[in-house]
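Some notes on the structure that comes next.
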Amino acid sequence: MENFQSLQQLEALCERLYNAQTAVERSQAEGALRVFGASTEYIPQCKAILDSSASPYAQLMASSSLLKLVTEHTVGVTLRLEMRNYFLSYLDSKGPQLEPYVVTSMVQLLCRTTKLGWFDDDQHRNIVEDSKRFLERGMGPHYLLGLKILNMLVTECNQPTPGRTLTQHRKIAVSFRDLALFKIFQMSLIALRQLYSDPASDDKLREQGLSLALQCLSFDFVGTCLDESAEDLGTIQVPSAWRSVIEDPATLKVFLDFYAATKPPLSNLSLECLVRLASVRRSLFTNETERSKFLNALVNGTRDILRTQMGLDSHANYHEYCRLLGRLKTNYQLAELVSVENYIEWIELVAQFTINSLKSWQWASASVYYLLGLWSRLVSSTPYLKGDSPSLLETYVPRIIEAYVMSRLESVTTVLQNGSTEDPLDNEEQLQDQLDSLPYLCRFQYDKMSKYICSLMDPIIAMYTQWRDMPPDRDPAPLAVIEGQLTWLVYIVGAVIRGRLSSSSAESQETIDGDLAARVFGVLSLVDNGYHVRRYGEHTRQRLDIALLAFFQNFRKVYVGEQAMHSSKVYTRLNERLGLSDHLMVLNVVLGKIATNLKVYGAAEEIIHLTLNLFQDLASGYMSGKLLLKLEATSFILTHHTRDHFAFLDDPANARNRTTFYYTLARLLFMEDTPSKFKAFMDPLNQVLTAMAAHAGSAQQLRMSVPKQSVVGLLRDLRGVTMATNSRRTYGMLFDMLYPAHFPVLLRCLEAWADDPEVTTPLLKFVAEFVMNKMQRLTFDSSSPNGILLFREVSKILVIYGAHALKLGAVSDVYGMKCKGIWICLTILMHALAGNYVNFGVFELYGDRALADALEVALKMALSIPQTDIMAYRKVGKAYFELLEVLCHNHPAVIAQCDTATFSTIVSSLEQGLKSLDVAISSKCAAAVDNLAAFYFKSVTQAEGGTPSVAAQNMAEHIRLKPNQFPDILRCLFEIVLFEECSNQWSLSRPMLSLILINEPLYNDIKNQIIASQPADKQAHLDGCMQKLMTDVQCTLEPKNRDKFTQNLTMVRHDFRAKT
């Protein structure tokens, strides 16, 4: 604190930090106080502040700084133990007087220190006994403190600590689970019983007690990163040692009692604990009798709640109760539920509760998912139900479906009358969750339920038909209700038909599918006729079209193209009612709707996006694509694809959709070998390029004369066409059209709009696609210079964009204005370098600067992005490391000839990439490091006589000036492979031999450092394992030798981890 004149001055600064009125004021305070978290030298000063200051702001600053120091810096074993004891003592003596937020910070500091020192000393592992002493001092402030410490301890040990590997975290978590967690859970149950028996106990104590039990039951017992919101996880892997406590009826009873006696948040915490208990693994129980007792207690507890409706008027309780019901079928078989003593009463109450919930859709919309999931799992289990006990599902499931359908239809009127009510159709996630459960329920008694749905659809369709012939001045309000109700019914029918994919039902159900589908196709014949064409701008009408698109997707997956069953009875019924005798006729109808949507919905981006997705999915299937080509509508679209016919092409909001549109069209076009059709198809784009060329005398003239949106649209169209070229033939046709005639225009566009990402992004993405040699499409004749000429254009593009990007100063949107363009440029160069269609030696041989300029500007752009941003933005990191891998493999001399600072930065970034959790990035970095080390080994270490190349000499100089970089990478790789879980072990092992061979004098030191980093009781074992690493490994990088090293490393890793 020597920089502060007095404690009062520091306290004032801390208060300003947390209560600053402006960002500038807060920033100044942060700058002055940052020093306390910068070095472990400031630990005594932070303790002094805690001891001396009564200001809660100063206390919070000191505890926060200590937390940062403990987490991010290396603290000695002795010092960490002293700190742990100090924090415990501080909470004991001053805790009751501290502000709650200071208590929370201090408790977290104590628990973080304890976790990080878990294996240092027994005292750290005595934290549970220390907390117990707090609890033994009566129901006062210390009791609350004890519960808070235990709560935070379980939380800390259940989540990874920043800066520590997942392996380090799991070692501590497993030890904590085995040594302490069960004791803590038992203490939480004792505390809850004491608090329940004392009506005067504080709600804060009760909340901490329930929260502690919940934290224990939510622990990640087996390292699966448990996500409690994911309903399909099924079971919680409670250790066998917990068996007696879980089987004890008093355990369930305490949470049921707490639920009955409290209000939220205590009551819903009790329900959350019951949800966890309902999910414990089947094998935990001693036998089926004990498991049956447990299930009986759960069912009776949930039944009692339904009998009295106790607490279900609270939304928090209601939601958790629905989750509890859902978990019962997730973890128990239908046969077990049916055998429960009070099953008949329970299933009746649950059915009525579900029906009431469906009717109360405004209140229970988020909870319905769990109830529908329960019923769908129940009916899915009926084929496996044996015995005479009735399930009663055939009685209740139809009522539930009727309640669901009617409540959705009634919601339409309610929403339209009350504009402030949230429309369930607008919540796409909830809607999809509900529709996922419907097929199982509807197909349970399909004949009966289909008749019910048809009985609802027919009168609504009849009214919709009448509206087709209404005069233009008719009030459309009643039609909005009809459209909304049709939307729900179309969604429901689509979901039910999709259920055929997972149904093993008889063919008779296909006839029912045909009945339902015929009604939807009947609606389709009405929506774009008469009065209805006036409705395209209305929200209710647009949602009806979205529902129709969803129906087409579902129908396509089951009954069109590769999935089509030609003998399917669906088409028999469709033929009877509508004359649609096979899937070709259905495709014609669907394609007609696709074309209509693209014509009339220019401004409705969502509909255009979904329509084009459907079109693309149909064109992507081999059989459905061939069928599309037989249709006249397809021929019309292929020859009339301009904005004159499709209004959506004029709307800037649809710029991304243009790429999908042209990709789909070109894909269909390329299914036939017809160059003349391709020329006609590309003619409109050719005309636009030619018109732009007339104004391309200068960049300024082009920018002033040509609308920006025309350029953006053209580039997105060209990218779509390029994406569809998957063969040498199709790519050759496109290449001949664009090069050399139109590339000067593209270069001029880049010059004109270099500062505008709206133009540069689609332009660069087009080029990245155009130069990518996927499926060997870029294969030119042996006498053709096209590969070299194409790379020269790439070089010009990179130089033009790089000149702008490197001049950029500080920008508000770093990613959008700078990083995005750079990563696409890096991708362009990577695609060109790795495409194997250019002989790069030609450039140096003939003194052509194209390659040198491209590499130079790309490296400058890459290194202009801070390493933190490279790692933070996934796409930037992917492009950066992919380029480095290609450079190190094909052009290591380019890296070697950089100056030492640049070389060092590149190597450091590769080390960072190796530590990435993204397996693709770490594997790319490993390959890059391997190639660099191998280049040095072959060029310098293994060079026999003669003078090393300039690149080799440069690299030797870099390593002389930065001798620790490669050894540090080798050490890092050893730590990852030996001590962490890594799915790409083979990839990471490849550079290790290269690094060992170029660091032979240092290898033993590195090995000894790695051994010394382990606990003393494991060092001898690791040393013995490491002795086998180089057995039969020669001093070469031949493939056979590399494989031998990798085998040895795998054995070392296995032997070491087997005993630890």
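Think of each Lys and Arg Cβ as +1 and each Asp and Glu Cβ as -1; about the Cα centre, that makes the dipole of segment 938-1020 roughly 160 debye. Each Lys and Arg contributes +1 and each Asp and Glu -1, all at the Cβ; summed about the Cα centre of the chain, the dipole is approximately 1180 debye.
In this structure ILE788 has an accessible area near 50 Å², from a 1.4 Å probe over the protein heavy atoms. Our helix-only sum for the chain, with -39,500 (n - 2.57) per DSSP H run of n ≥ 4 divided by its residues, gives a mean residue ellipticity at 222 nm of -22500 deg cm²/dmol.
The accessible-area ordering, largest first, of the residues MET457, MET871 stands as MET871, MET457, per a 1.4 angstrom probe. Phi angles across segment 543-560 convert, under the Karplus curve 6.51 cos²θ - 1.76 cosθ + 1.60 with θ = phi - 60°, into 3J(HN,Hα) values of 5, 5, 5, 5, 5, 4, 5, 5, 4, 4, 4, 5, 5, 4, 4, 9, 10, 10 Hz, Gly and Pro given as x. The alpha-carbon atoms of the chain define a convex hull whose volume equals 234 cubic angstrom per residue.
Each Lys or Arg adds one and each Asp or Glu takes one away; over the other residues whose Cβ falls under 13 Å from the Cβ of TYR662, this sums to +4. Net charge in the neighbourhood of LEU17 (other residues with Cβ under 13 Å of its Cβ; Lys, Arg +1, Asp, Glu -1) is -1. Accessible area ranking (1.4 Å probe, heavy atoms, ligands and nucleic acids excluded), largest first, for ASP423, ASP899: ASP899, ASP423. Dimensions of segment 76-223 from C-alpha coordinates, computed as largest minus smallest value along each principal axis and given longest first, are 45, 33, 25 Å. Exposure here means at most 15 other Cβ atoms within 10 Å; with GluC sites (Glu not before Pro) in a DSSP loop as sites, the longest stretch of the chain lacking them is 673-943. Summing +1 for each Lys or Arg and -1 for each Asp or Glu among the other residues whose beta-carbon sits under 13 angstrom from that of LEU689 gives -1. Evaluating 6.51 cos²θ - 1.76 cosθ + 1.60 at θ = phi - 60° for every residue in segment 742-756, the Karplus couplings come out as 10, 5, x, 5, 5, 4, 5, 4, 5, 5, 5, 10, 4, 8, 10 Hz, glycine and proline recorded as x.
Roughly how far apart, in whole Å, are the Cα centres of segment 231-291 and segment 921-938? What the calculation gives is 52 Å, centre to centre.
A DSSP coil position with no more than 12 other Cβ atoms inside 10 Å describes the following chymotrypsin sites (Phe, Trp or Tyr not before Pro) in segment 842-947: TYR846.
For segment 851-862, backbone phi angles converted through the Karplus equation (6.51, -1.76, 1.60; θ = phi - 60°) give residue-by-residue couplings of 5, 4, 5, 4, 5, 5, 5, 5, 5, 5, 5, 4 Hz, Gly and Pro being listed as x. The amide H of VAL280, built 1.01 Å from its N in the peptide plane, has ILE236 as neighbours under 5 Å, considering only residues 5 or more places off or on other chains.
Rounded to the nearest 20 debye, the dipole size of segment 76-223 about its Cα centre is 260 debye, using +1 on the Cβ of Lys and Arg and -1 on the Cβ of Asp and Glu.
The values are calculated or read from the model by the stated rules, or taken from the named source; none is laboratory data. All figures in this text were calculated on a predicted structure; none of them were measured in a lab. Using ideal geometry, Cβ is built from the backbone for each residue, glycine included, and neighbour counts are taken over all protein chains shown. Remember, those area values only see protein heavy atoms, side chains included, never the ligands or the DNA or RNA. Shrake-Rupley method; radii C 1.70, N 1.55, O 1.52, S 1.80 Å.
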